[in-house]
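The structure under discussion appears below in the form of structure tokens.
What follows is calculated from the coordinates using simple rules that are stated; it is not laboratory data. Keep in mind that this is a model prediction, so the values were computed, not measured. We place every Cβ from the backbone using ideal geometry, glycine too, and count neighbours over all the protein chains shown.
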Amino acid sequence: MARSSGNVHVLLAMLVPLCAATAWTAAAAAAGPLLPLPDLQTTTTTMNENDTTTGSLSADFHALSCPDLHGIVRSAVQDARRQDVQVTAGLLRIFFHDCFPQGCDASLLVDKTDPGSEQNVEPQNKGLNQRALQLIESIRDTVHKRCGERSVSCADILAVATSHAVNLAGGPFINMQLGHFDSVGPAQPWQVQTLPAPNADVTTLLNTFAANGKGFDNPIEVVALSGAHTVGKARCSSFSDRTIRPNPNDNFAKELAQFCGGDGNRQRNLDEITPDSFDNSYFLDLIRRKGVLTSDQVLANDGRTGWIVNVFANDQGNFFEKFAQAMEKMSRLTSPGGVKARRNCLKRDAGVNLQTTVAAAGSGDDEGLAASA
Ligand code: HEM
């Protein structure tokens with residue numbers, strides 16, 4: 001195992017409280033700084049305590065009703081990546097922005113023509129990858145033709161597509177938890193506004209991920225999830241806090257300012273080294289002080305998170321394991337009510353209003369109650 005240059009004592013001081021097993025602690029003390037991080041707890045988290053869908057999720061939810069689901073999705077994502085490799089980053093960001101505000105329910109996919117569309121909430125949802133959004137709807141069409149009308153929700157298709165997209169880009173396979181209902185409409189703007197801001201400091205980031213029932217209360221999870229920025233791009237307006245008056249001591253900020261040249265729409269790769277591959281080079285960027293967003297770079301500069309950045313920069317397998325666990329945990333964020341699957345991922349179902357919800361618990365049906373749209 002490669003070794004980091006990080007401070008062993010700081011690392012151990014922070015690892016010990018996270019570790020329940022005494023034996024593990026002793027082994028950790030003996031092994032040096034680059035230890036396997038403790039496993040993260042994964043439990044189903046509901047975004048609303050009245051939610052009745054808790055506990056009905058599983059990775060093989062559609063194994064009987066749609067056995068080819070993974071095959072259909074993987075080959076569609078593969079085709080889409082051949083045309084535009086950016087679709088992986090697009091799906092990842094869409095998955096995060098769908099699940100974080102009110103649970104994984106495809107509410108984000110309701111398109112901009114809908115007056116309440118989450119896609120119109122800016123700056124959070126500016127610049128979502130349109131090809132990735134269309135891809136989900138196109139996969140839905142194939143899946144519903146092959147496995148039956150409303151057989152698999154748009155939320156589940158997005159989760160499976162994200163997992164394959166990450167894996168096809170070189171990353172781990174994420175065991176997404178399936179069985180989500182689709183929302184009947186978009187989430188509220190205030191919920192979208194709970195997404196983290198790119199100029200956030202570490203305290204704000206850690207609080208944002210832990211707050212409002214999201215449950216990411218371990219800094220390891222926050223650093224691992226931020227590793228999603230190993231793929232994709234950011235518009236200059238997303239890091240203007242660094243470029244408008246660049247800190248004279250920050251050479252990379254000066255380089256970014258020169259690159260943007262005052263054009264907020266110009267796009268910069270989030271990972272300077274391998275922008276299209278899912279790997280751990282984002283963490284090497286941070287160590288070299290070449291993180292593009294403030295919320296990226298601060299992770300390397302703060303004692304609560306810097307040691308985790310060091311571990312991941314030196315041990316890609318460890319990053320992959322923690323990323324996959326944290327993403328699986330994200331896939332457990334459920335939304336209250338909804339319909340079993342929308343007929344079109346990009347639209348509300350006709351005749352179903354925002355208040356209509358369908359409870360799933362105790363239905364005796366292995367996929368919950370069918371929607372009464
Ligand atoms: C830690 C807090 C986070 C902040 C502040 C943040 C913020 C941002 C911002 C501002 C952009 C650029 C948007 C643009 O300019 O068009 C971006 C892009 C992206 N984000 Fe995050 N993000 C965070 C966490 C995450 C997480 C947890 C994921 C996924 C698990 C994620 C996945 C992505 C991806 C893949 C892109 C590139 C999208 C593309 O190229 O289409 N981000 N993020």
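A compact table of results
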quantity	calculated
Entries in LYS214/LYS322; LYS145/LYS329; LYS233/LYS347; LYS214/LYS329 that, when Cα-Cα distance is taken, lie over 21 Å	LYS145/LYS329; LYS233/LYS347
Using a Förster distance of 30 Å, the FRET efficiency for GLN134-HIS70 (Cβ separation, nearest 0.05)	0.90
In segment 109-139, the trypsin sites (Lys or Arg not before Pro) that fall in loop regions by DSSP, at most 15 other Cβ within 10 Å	LYS112, LYS126
Per-residue ³J(HN,Hα) for segment 237-254, Karplus 6.51 cos²θ - 1.76 cosθ + 1.60, θ = phi - 60°, Hz, x for Gly and Pro	5, 7, 10, 5, 4, 9, 9, 5, 10, x, 4, x, 8, 10, 4, 5, 4, 5
From phi via Karplus (6.51, -1.76, 1.60), per-residue ³J(HN,Hα) for segment 152-157 in Hz, x at Gly/Pro	10, 6, 4, 4, 5, 5
Karplus-derived 3J(HN,Hα), 6.51/-1.76/1.60, for each residue of segment 162-177, Hz, glycine and proline x	5, 4, 5, 5, 5, 5, 5, 7, x, x, x, 8, 9, 7, 4, 8
Cα pair count fraction exceeding 16 Å, expressed as % - segment 79-200	60 percent
5 angstrom amide H check on LEU333, placed H, neighbours 5+ away	THR45, CYS104
5 angstrom amide H check on GLY171, placed H, neighbours 5+ away	PHE278
